[in-house]
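Heads up: the structure comes next, in structure tokens.
The values are calculated or read from the model by the stated rules, or taken from the named source; none is laboratory data. As the structure is a computational prediction, the values presented were derived from the model and not from experiment. Here the Cβ is made from the backbone with ideal geometry for all residues, glycine too, and neighbour counts use every protein chain on show. These area figures cover heavy atoms from the full protein model, side chains too; ligands, DNA and RNA do not enter into them. Shrake-Rupley method; radii C 1.70, N 1.55, O 1.52, S 1.80 Å.
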Amino acid sequence: MLLWLLPFRTTPLTFGVSPEKKYTYEDLTELTIHVSEQINQITENIPRDSDGHIIVPDDAMESLKSGMQSLQDEFPLYNSFYPSAKFALASDFLEWSEIGGFTIPYTAEICLNRYEKPYKLYYYMLYAHEEAHHLGYFRENEGVFFGILSCLRSDCELVQLCGYYEAYHYLKKQAYLDCLEGYVSKEMYTDFKSKTSLIPLTQQDQDYFYALRTSLYEENVNTSMENMFKESTEKVAEVGWETQDKILKENNYDGVVLLLLRYFHRGRSF
């Protein structure tokens with residue numbers, strides 16, 4: 001109870017930046033350019049097998065944990081115990097609900113959707129995300145932020161790439177929404193896309209890991225359960241996601257970009 005309840009009452013992250021500080025589309029573009037350049041550079045240089053696929057290092061997970069531990073000087077809650085994650089027996093239901101994992105604070109357990117494990121361009125971030133929740137960062141934007149930062153602090157290129165991909169996803173989505181909602185012109189968004197594009201090899205890597213994920217699901221899914229419960233599970237999950245969004249508001253997933261901008265523009269290492 002204490003492990004969760006006390007940190008649960010922590011104030012939202014601001015990194016000492018005034019909540020009133022506003023960031024511009026240029027600030028968003030600058031950070032996204034940096035992230036896209038890192039993705040392209042790692043993608044070109046990362047070790048690959050004879051088929052051209054990224055080699056998954058045996059020590060990748062240990063490297064991720066070292067990245068998490070390195071955060072404790074700046075974020076004291078990281079000077080703590082990190083439980084090893086388990087794969088949920090109900091992974092089929094998590095899959096249909098679009099849930100990657102969850103944390104049980106009262107037993108210090110972290111459970112992951114087992115179908116996420118092969119998709120290495122997301123898995124390490126997800127693992128670190130749930131660890132952040134375990135430490136008491138219950139807000140979803142903070143969980144994603146620490147998941148990204150943990151990956152970037154790793155000394156494994158694949159783990160770093162995972163963190164950069166997650167950051168890129170949120171930044172690019174924000175740029176699109178800004179254009180869709182009329183905050184910036186279509187010309188500015190077109191310029192943004194041209195400056196932050198990824199090399200073709202990145203798509204090959206995403207397709208490869210996603211195919212492994214799909215294969216694991218197809219090999220293990222209980223098809224009779226899928227036929228009976230998938231549709232109803234999706235409907236229940238939709239209500240759950242909407243409820244979470246109403247409760248957390250600006251601290252839900254949409255708040256990730258603001259945390260990234262605050263951290264980056266304070267001169268922090270990305």
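Among the listed residues S36, S50, S80, which satisfies the condition of being more than 23 Å from V257 (Cβ to Cβ), among the hydroxyl-bearing types (S, T, Y) and in contact (Cβ under 8 Å) with a residue 24 or more places away in the chain? Sole residue among the options that is more than 23 Å from V257 (Cβ to Cβ), among the hydroxyl-bearing types (S, T, Y) and in contact (Cβ under 8 Å) with a residue 24 or more places away in the chain: S80. Number of residues in segment 153-164 that are buried (at least 22 other Cβ atoms within 10 Å of the Cβ), assigned to a helix (DSSP H, G or I) and in contact (Cβ under 8 Å) with a residue 40 or more places away in the chain equals 6. Checking each residue in segment 109-134 for being touching a His at 6+ places or on another chain (Cβ under 9 Å) and open to solvent by less than 30 Å² (accessible area, probe 1.4 Å) picks out only I110. When you look at L171, is it at pLDDT 95 or above, within 22 Å of Y123 (Cα to Cα), surrounded by 11 or more Cβ atoms within 10 Å (Cβ to Cβ) and not acidic (D, E), yes or no? Yes. Scanning segment 194-219 for residues that are open to solvent by 40 Å² or more (accessible area, probe 1.4 Å) and in contact with a Lys or Arg (Cβ under 8 Å, 6 or more places away or on another chain) turns up just one, L216.
For segment 58-80, name all the residues that are over 19 Å from the mean Cα position of the chain (by Cα) and part of a loop (DSSP other than H, G, I, E, B). Talk me through it step by step, then tell me what you get.
First, pick out the residues of segment 58-80 that are over 19 Å from the mean Cα position of the chain (by Cα): 58-59, 72-74, 76-77, 79-80.
Result: D58, D59, E74, N79, S80.
Per-residue answers, yes or no, for (1) closer than 21 Å to L13 by Cβ; (2) of a type in the set (A, V, I, L, M, F, W, C):
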site	(1), (2)
S224	no, no
V239	no, yes
E242	no, no
I247	yes, yes
F270	yes, yes
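Restricting attention to segment 174-183 and to residues that are under 18 Å from L260 (Cβ atoms) and among the aliphatic types (A, V, I, L, M), the residue that is most open to solvent (accessible area, probe 1.4 Å) turns out to be L177.
Residue by residue through segment 183-216, note down the ones that are polar (S, T, N, Q), assigned to a helix (DSSP H, G or I) and within 21 Å of N40 (Cα to Cα). Give the derivation first.
Of the residues in segment 183-216, the ones polar (S, T, N, Q) are 185, 190, 194, 196-197, 202-204, 206, 214-215.
Filter once more, so that each one left must be assigned to a helix (DSSP H, G or I): 190, 194, 202-204, 206, 214-215.
Passing the criteria: T190, S194, T202, Q203, Q204, Q206.
Of the residues making up segment 81-131, those that are aliphatic (A, V, I, L, M) and in a loop (DSSP other than H, G, I, E, B) number 7. Scanning segment 231-247 for residues that are touching a helix residue (DSSP H, G or I) at 6+ places or on another chain (Cβ under 6 Å) and either at pLDDT below 90 or open to solvent by less than 70 Å² (accessible area, probe 1.4 Å) (or both) gives a single hit, T233.
Taken over segment 110-120, the criterion of being in contact with an Asp or Glu (Cβ under 7 Å, 6 or more places away or on another chain) and either under 16 Å from S215 (Cα atoms) or of a type in the set (G, A, S) (or both) is satisfied by N113, Y115.
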